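None of the figures in this text is laboratory data; all of them are computed from the coordinates on show. Every value quoted in this text rests on a predicted model; they were computed, and no experiment measured them. No Cβ is skipped: glycine too gets one built from the backbone with ideal geometry, and neighbour counts run over all protein chains shown.
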2 protein chains.
Amino acid sequence: MRSTKARRDILDLFHNEDVPLSADYVYELLNGEYDRSTIYRNLKNFENNGKLRSIVFSDKITYFYKGSEHFHFIYCVKCKKFERFDLCYSESISKYITENLGYKVLGHTLYFEGICKNCQEEMKK
Amino acid sequence: MRSTKARRDILDLFHNEDVPLSADYVYELLNGEYDRSTIYRNLKNFENNGKLRSIVFSDKITYFYKGSEHFHFIYCVKCKKFERFDLCYSESISKYITENLGYKVLGHTLYFEGICKNCQEEMKK
DNA sequence: TTGCTTTTGCAAATGGTTTGCAAATATTAT
DNA sequence: ATAATATTTGCAAACCATTTGCAAAAGCAA
């Protein structure tokens, strides 16, 4: 895979980013400097070589995040923002699935949806 | 909400079904007797009144399942079938999110992906 | 059955994502 | 550096699950 300006710019966005980004949001963060197809293609490339991971929420949009760590998200259905949390019981569930159902587990997806603190305050007004 | 043949036929499919069904599969199971828009509209109706729940997998297709119970799924990426499992630690995670992040939790999605026993055998051949 | 409301089928629209292709850019050998 | 080769980009069109507008059909109460 060659190093191009588009790829460097896209990947840079994720370095200090803790929450998942959609292709469209990446496009906007880069001020439309690259075509959407370029963004989509490269996000997928990064996912294939492990630099990014992706998750699909109930809105059916793919969100990407750094592939180096393992964590999960809670999504506020009002303000549409994510927050990260690290608690995860996947290992014990994986064990259960492997031992009792015989699967070879490849991965899992876990996310919560709710209303964040700020939005709860907003709604009281 | 009125009782129509379409609604009765659609809902009947879920009574003895343990795994999630897509709108398209519902359409096929009913031999194309109803228009896809009818299927889509009614699945969404059922979800709104609690008769069904839905989950979106990484394929971005909405799958519906009986709303009466709470359970999760493991999906075989080879044979594309689901299997249900009931183990879930969502309550302790919910508690964590509520107490530490201040969210009001509305729901969660948890699924695993892997390769089922049969497909593992197949792959050995 | 009448009259009113909801539901259905059809066709067209939607929207995120993908793809074909020619032009532009990165890499490699000269 | 330069030319030769392979990859990547931008553009426009295609995809595909899902949604929507609208007129005809079906459910339901009186």
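A few notes on this one:
- Other protein chain C-beta atoms within 10 Å of residue C-beta, averaged over A:86-92: 3.
- Fewest-first sequence of B:Glu122, A:Glu83 by Cβ atoms within 10 Å of each Cβ: B:Glu122, A:Glu83
- Projecting label points 7 angstrom from Cα along Cα→Cβ for A:Lys5 and B:Glu33 puts them 6.1 nm apart.
- Relative contact order of segment B:60-125, pairs being alpha-carbon contacts under 8 Å that are 6 or more residues apart, as %: 36 percent
- In plain terms, the residue of A:Lys125, B:Lys81 with the fewest other Cβ atoms within 10 Å comes first and the most crowded comes last, giving A:Lys125, B:Lys81.
- The other copies place their B:Ser37 label points at 3.1 nm from this one, listed shortest first, where each point is 7 Å from Cα along Cα→Cβ.
- Fewest-first sequence of A:Ser37, B:Ser58 by Cβ atoms within 10 Å of each Cβ: A:Ser37, B:Ser58
- For the pair B:Lys80 and A:Asn118, a Förster radius of 30 Å applied to the C-beta separation gives a FRET efficiency near 0.15, rounded to the nearest 0.05.
- Taking the DSSP beta bridges with both ends in chain A, the antiparallel portion is around 75 percent.
- Whole-Hz ³J(HN,Hα) from phi, Karplus 6.51 cos²θ - 1.76 cosθ + 1.60, for segment A:112-123, glycine and proline x: 10, 10, x, 10, 6, 3, 4, 5, 5, 4, 3, 6
- Proximity of backbone amide H atoms, modeled 1.01 Å from N, is registered between B:Cys88 and no other residue at under 5 Å, excluding neighbours fewer than 5 places apart on the same chain.
- For segment B:1-69, alpha-carbon Rg over 2.2 N^0.38 Å: 1.01
- Among B:Lys78, B:Lys104, B:Lys66, the largest mean-square fluctuation in a Gaussian network model of chain B (Cα springs under 10 Å) belongs to B:Lys104.
- For chain B, calculated [θ]222 nm from helices alone, where every DSSP H run of n ≥ 4 adds -39500 (n - 2.57): -10500 deg cm²/dmol
- Sequence-distant contacts, meaning Cα pairs under 8 Å at least 6 residues apart, place the relative contact order of chain A at 20 percent.
- Among beta bridges identified by DSSP and lying wholly in segment B:70-125, the antiparallel ones come to about 50 percent.
- Amide H contacts of A:Lys78 (H built 1.01 Å from N, under 5 Å, at least 5 apart or other chain): A:Cys116
- Reduced Cα scattering model of the protein assembly as shown, Debye log10 I(q)/I(0), q = 0.09, 0.11 Å⁻¹: -0.48, -0.72
- Per-residue mean of foreign Cβ neighbours for B:97-105 is 6 (Cβ atoms of other chains, 10 Å radius).
- Distance from the axis that maps chain A onto chain B is least for the Cβ of the chain A residue given, with the whole Å value, as A:Tyr89, 2.
- Volume per residue that the Cα convex hull of chain A spans, once the total is divided by residue count, Å³: 140 Å³
- At R0 = 25 Å, FRET efficiency that the Cβ-Cβ distance of B:Lys104 and B:Ser68 yields, to 0.05: 0.60
- In this simple spin-label approximation, B:Val19 and B:Lys125 carry label points 7 Å from Cα along the Cα→Cβ vector, and these lie 1.9 nm apart.
- Label point 7 Å beyond Cα along the C-beta direction, distances from A:Asn16 to other copies (nm, shortest first): 6.0
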